[in-house]
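Engineer: Take a look at the following structure, please.
Every number here is computed from the coordinates shown, using simple stated rules; none is lab data. Bear in mind that the values here come from a model prediction, so they are computed numbers and not experimental data. Cβ sites come from the backbone with ideal geometry, for glycine too, and all protein chains shown count toward neighbours.
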C-alpha cells in the first residue's frame with residue numbers, strides 16, 4: 001500500500017518543528033543566564049538537563065511499550081503539547097534556576113515521544129523505502145542542530161522570549177499536523193499488553209543486537225564530534241594562525257551531515273541500509289584515527305576533511321535506525337527504536353564528558369583519537385553478522 005503523497009512532507013516538517021524545542025535551549029541559555037545570574041556550574045547542568053530528560057523519557061517509554069501499545073500519532077501530539085508547555089514555562093515572571101532546570105528536563109522528557117516516535121510513524125508507513133525516509137527525518141534533525149550556530153555566526157540579536165514563543169508554537173502546530181493529517185500507518189501492529197522485559201528481550205535477536213551495537217558505536221562518536229568541532233577549529237586557528245569563523249564553520253560541518261543523511265537514504269534504496277551504515281562508520285572511524293594529522297595540513301585540506309568527516313559521522317544514523325526497525329518484531333518496532341535511542345544518547349553523554357576531561361589534560365589535537373572506540377566496536381559487530 002503506497003502512502004498518500006502528503007504523509008512524508010508533513011512528517012518531516014512536524015519532526016523539525018517539534019524538535020526545535022531541543023535546539024531552542026542552545027540559543028537562549030546565555031540570555032537566561034544574564035536574566036537571573038547563573039554560575040558556570042549551573043550552566044552545565046541546565047545544558048545537560050535536556051539530554052537527561054530525554055534519556056529518562058525514552059527509557060520509561062521503552063519499558064512501558066508506549067509507542068507500540070498506543071497510537072503513535074496521539075502520543076506524538078500529546079508529547080508535542082506538553083513539551084511546548086515546558087518550553088513556554090521559561091517565560092514565567094519569577095524565573096529561577098530550578099524552574100529552568102525542570103523546564104528543560106521536561107522538554108527533553110517529552111521529546112522522547114517525538115523523535116523516536118516520529119521514526120516509528122515512518123516505519124508504520126514505509127516498509128521498503130524506510131532508509132530513504134529516515135534519511136530525510138534525521139537530516140531535518142541534524143539541520144536543526146546546526147541552526148543555532150548559524151544564528152551565532154550571523155550575530156542576530158534576537159529576543160530570547162521570541163525564540164521561546166516561536167518554538168513553542170511550532171511544536172504545537174507540528175503535533176496538530178501529525179494528529180489530524182498523519183493517522184496510524186498501514187504497517188502498524190499494536191502490542192496489546194504490557195511486557196516490561198520485552199525491550200531487553202529484543203537483544204536476543206541477532207540482527208537487532210548487531211544493528212543496535214552498530215548504532216551505539218555511531219552515537220559514541222556523533223555528539224562528541226559535534227560538541228568539540230568548535231574546539232578543533234579554534235585549535236587549528238591557534239596552530240596555523242588562521243582566522244576561520246568558529247560558529248560559521250561548525251554550522252557548515254554539521255549541515256554537511258544533514259546533506260549526507262539525505263544522500264545516504266537515497267543510496268540505501270540501491271545498496272541497502274547495511275552497506276551505507278557500514279561504509280559511513282568505517283570512513284568516520286578512519287577520520288578519528290588520522291585526526292591528529294589533520295591539524296598539520298593546509299587550511300583548505302583541513303576544512304574539506306572536517307566537512308567530509310561531518311558527512312560520514314551522520315550519514316549512518318538513519319540507516320542504523322532503519323536496520324533496528326526492520327530487525328524488531330512488528331509489534332515492538334517503536335519500543336526497539338526508543339530503547340536503542342535511549343542507550344545511544346546515554347553513551348553520547350559519556351563520550352562528551354570523556355573528551356571534556358581529556359581536553360584539560362592533554363593536547364586537544366589528540367582527543368579525537370578516543371572517538372575511534374565507537375566505530376571500531378560497531379564495525380566489529382557489523383562485520384561478524
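Engineer: With 10 angstrom as the radius, rank 143, 369, 154 by how many other C-beta atoms surround their C-beta, starting from the fewest.
Structural biologist: Details: 143 20, 369 15, 154 11.
Sorted ascending by nearby Cβ count, the order is 154, 369, 143.
Engineer: For residue 304 and residue 176, FRET efficiency with R0 = 41 Å and r from the beta-carbon atoms, rounded to 0.05?
Structural biologist: Details: r = 42 Å, r/R0 = 1.03.
With R0 = 41 Å, the Cβ-Cβ based efficiency is 0.45.
Engineer: Give the peptides 87-97, 329-339, 66-76 in descending order of average Cβ contacts within 10 Å, highest first.
Structural biologist: Working: 87-97: 14.9, 329-339: 24.7, 66-76: 23.0.
Most protected by this proxy first, the peptides run 329-339, 66-76, 87-97.
Engineer: Could you list 350, 324, 297, 313 so that the one with the fewest beta carbons within 10 Å of its beta carbon is first and the one with the most is last?
Structural biologist: Values: 350 12, 324 28, 297 15, 313 33.
Ascending number of Cβ neighbours within 10 Å: 350, 297, 324, 313.
Engineer: Given the peptides 51-61, 11-21, arrange them by the average over their residues of other C-beta atoms within 10 Å, most packed first.
Structural biologist: Working: 51-61: 21.9, 11-21: 24.3.
Ranked from most to least packed, the peptides come out as 11-21, 51-61.
Engineer: Once the piece of chain linking residue 373 and residue 36 is laid out straight, how much longer is it, given 0.36 nm per residue of separation minus the C-alpha distance between them? Walk me through the numbers on the way to the answer.
Structural biologist: Details: separation 337, 0.36 × 337 = 121.32 nm, distance 4.03 nm.
Gain on stretching residue 373 to residue 36: 117.3 nm.
Engineer: Label residue 2 and residue 78 with points 7 Å out from Cα along Cα→Cβ: what is the distance between them in nm?
Structural biologist: Output for this residue pair reads 3.5 nm.
Engineer: For a paramagnetic label modelled at 7 Å from the Cα of residue 359 toward its Cβ, which residues of segment 308-322 fall within the zone defined by backbone nitrogen distances under 16 Å?
Structural biologist: none
Engineer: Using helices alone, what [θ] at 222 nm do you get for the chain, with -39,500 (n - 2.57) per DSSP H run of 4 or more residues, divided over all residues and rounded to the nearest 500?
Structural biologist: On the way: 15 runs with 304 residues, N = 385.
Helix contribution divided over all residues of the chain: -27000 deg cm²/dmol.
Engineer: Sort 120-126, 221-227 by packing, meaning the average of other beta carbons within 10 Å per residue, with the highest value first.
Structural biologist: Working: 120-126: 26.0, 221-227: 23.9.
By packing density, highest mean first, the sequence is 120-126, 221-227.
Engineer: Going by C-beta contacts inside 10 Å, put 300, 219 in order with the fewest on the left. All intermediate terms of the calculation are to be shown ahead of the outcome.
Structural biologist: Values: 300 8, 219 25.
Listing 300, 219 from fewest to most nearby Cβ atoms yields 300, 219.
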